[in-house]
Every structure is written in C-alpha cells, then in structure tokens.
Amino acid sequence: MKILHLETSSRNCSVAVSEGRELLCLCEEISDGYKQSEKLHRFVEWALEGAEISLQDLDAVALSQGPGSYTGLRIGAASAKGFCFALEIPMIAVDTMLTMVQAFENQGFDYIVPLIDARRMEVYTAIYDGRTGAEIQGATNLILDENSFAELENREILFVGDGAKKASEVLKVKAEFKPEVFPSAEFMVRAAAGKFEKKDFVDVAYFEPFYLKEFQGVKKAEK
C-alpha cells in the first residue's frame, strides 16, 4: 500500500509518503505562522518525487484529523478530499495527538501527555500510556491551572507539544517538558497502515476535521 500523509494542524506543515509501514519520504517545515496554504501542495510534489512515485500510484490519502488549528485543518481536509475524489482512492483519518506520542514510547515514562496550544491558558490534551502508546484519556480542551494533571503525581510524566511551555510555568506536578515537539506526518505511517489493512476509511464526502471546539474569530477594532 502506498499512502500520502498530510499533517496541517500546527505550524509544522508536514507531508510524508509511505509504502506499507516504511517511510519513503518526508517533507516538513515549522514556520512562525501557519503557511499550509503556501507550502502544502509544493511539499506533496516534493514528497512524491523523493519517494519516486506519482499521484496515480497512491492507494490512499491519510489526514491528521485534529484537534489543532482550525484553518490548518480545513486546508488539509480540502486537499485530502480533492486527491481522493480525483484519484478515486480511500481516505484515512489519524488522531493528531497520536503523532506526537510515538517517538517517545517505551523510554521510561509512565504517561505521555500531548499539549497543543489553544491560546491563553487553554490547551488541547489527551493522556497516553508511556510504554505502549495506547490512549488512556481521549482528547479534550483544558484550561491549565496549578492543579491540572494532579492525578498523575508521583509518576514519570512527559508533556510534549507547543502547549508544554506554558504548562511548565503553572503546573505543580513534576514532569519533563518538550515544547519543541509538533505533530508530524512521519508518525502517521504506522496508524494509517493499520487502518488501511482493516479498511477503516472515512466518508470522503461527509468527513469533517476534529476541531474539538467551535471556531472563534477575532473581531476587528472599530476605527
């Protein structure tokens, strides 16, 4: 199976191509702003070239489904749907937070906790088993305070993601923090391959990203 993977939920615009569970090529870049509209299709072209395959060789498109940036998720979903409709291939949805956990499995942590910055003191978060990477608590939005994650006290905890910086400033629980971690298409490969084998596809026409909360725009100040 040859799969194109799109991750657009964060400031890391990330595209990968895989065959089976093998990563063939990865193109990604972390920007100060959200540049998916400018870079995504260029990265798709580069990733396919690097994998030495064409769009017509693809068997599926995998999309990081969220939570994350509303605009980024919309861009990724529109692109994934376009490829799937045009090529008449299935679409796979992968939990965004799962892609932040895999690199740290079985490294001595009891829990791995992704934290995606959702502005002010709010984060999107979940809890995963540090040994197996299995989900313990599903995705939710949380306003951080000093007592957040107190139930994990006295265990080995790793917080990952761009929300980990502000978490480190307020949480009382002792833990390791890695704010430099972003969702990546590289770590969609294993989950997407498993879903492809089970034919666990989403309805291309009706799929919506997992926003977790409604979009909140910023009102322009009156002149």
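Which of the residues that make up the stretch 33-58 are open to solvent by 60 Å² or more (accessible area, probe 1.4 Å), part of a helix (DSSP H, G or I) and not small (G, A, S)? Selection gives E38, H41, R42, E45, W46, E49, Q56, D57. With respect to the conditions (1) aliphatic (A, V, I, L, M); (2) modelled with pLDDT under 95; (3) exposed (fewer than 14 other Cβ atoms within 10 Å of the Cβ), I143 lacks only one, and its number is (2). The lone criterion from (1) closer than 21 Å to K198 by Cα; (2) open to solvent by less than 30 Å² (accessible area, probe 1.4 Å); (3) under 13 Å from the mean Cα position of the chain (by Cα) left unmet by D95 is number (2). When the residues of the stretch 69-92 are filtered to those that are open to solvent by less than 10 Å² (accessible area, probe 1.4 Å) and over 10 Å from V204 (Cα atoms), the one that is modelled with the lowest pLDDT is G72.
Among the residues of the stretch 115-133, those that are touching a Phe, Trp or Tyr at 6+ places or on another chain (Cβ under 9 Å) and either assigned by the TED database to the domain that holds S9 or open to solvent by less than 50 Å² (accessible area, probe 1.4 Å) (or both) comprise L115, I116, A118, T125, I127, Y128, D129, G130, G133.
Summed over the stretch 165-206, the residues that are farther than 18 Å from D95 by Cβ and under 17 Å from the mean Cα position of the chain (by Cα) give a count of 3.
If you check A103 against the conditions, is it free of Cβ contacts under 8 Å to residues at least 60 places away in the same chain, open to solvent by 30 Å² or more (accessible area, probe 1.4 Å) and touching a helix residue (DSSP H, G or I) at 6+ places or on another chain (Cβ under 9 Å)? Against the criterion (free of Cβ contacts under 8 Å to residues at least 60 places away in the same chain, open to solvent by 30 Å² or more (accessible area, probe 1.4 Å) and touching a helix residue (DSSP H, G or I) at 6+ places or on another chain (Cβ under 9 Å)), A103 does not qualify. Could you go through the stretch 197-207 and let me know if any residue there is surrounded by 13 or more Cβ atoms within 10 Å (Cβ to Cβ), in a helix (DSSP H, G or I) and either assigned by the TED database to the domain that holds D59 or at pLDDT 95 or above (or both). Checked against the condition, which is being surrounded by 13 or more Cβ atoms within 10 Å (Cβ to Cβ), in a helix (DSSP H, G or I) and either assigned by the TED database to the domain that holds D59 or at pLDDT 95 or above (or both), the stretch 197-207 yields no hits at all. Take F187 and tell me if it is surrounded by 12 or more Cβ atoms within 10 Å (Cβ to Cβ), in a loop (DSSP other than H, G, I, E, B) and on the phi < 0 side of the Ramachandran plot. Answer is no for this residue.
Among the residues of the stretch 99-114, the ones that are among the aliphatic types (A, V, I, L, M) and within 11 Å of the chain's Cα centre (by Cα) come to 2 in all. Quick check on my filter: what residues within the stretch 1-32 are open to solvent by 10 Å² or more (accessible area, probe 1.4 Å), assigned to a strand (DSSP E or B) and over 17 Å from A193 (Cβ atoms)? C27, E28, E29, I30, listed by residue number. Checked against (1) assigned to a strand (DSSP E or B); (2) open to solvent by 30 Å² or more (accessible area, probe 1.4 Å), V61 passes all but condition (2).
The values are calculated or read from the model by the stated rules, or taken from the named source; none is laboratory data. From a predicted model like this one, the values you see are computed outputs, not experimental measurements. Note that each Cβ is placed from the backbone with ideal geometry, even for glycine, and that neighbours are counted across all protein chains shown. Side chains are part of the model used for accessible areas, which takes the heavy atoms of the whole protein and leaves out ligands, DNA and RNA. Shrake-Rupley method; radii C 1.70, N 1.55, O 1.52, S 1.80 Å.
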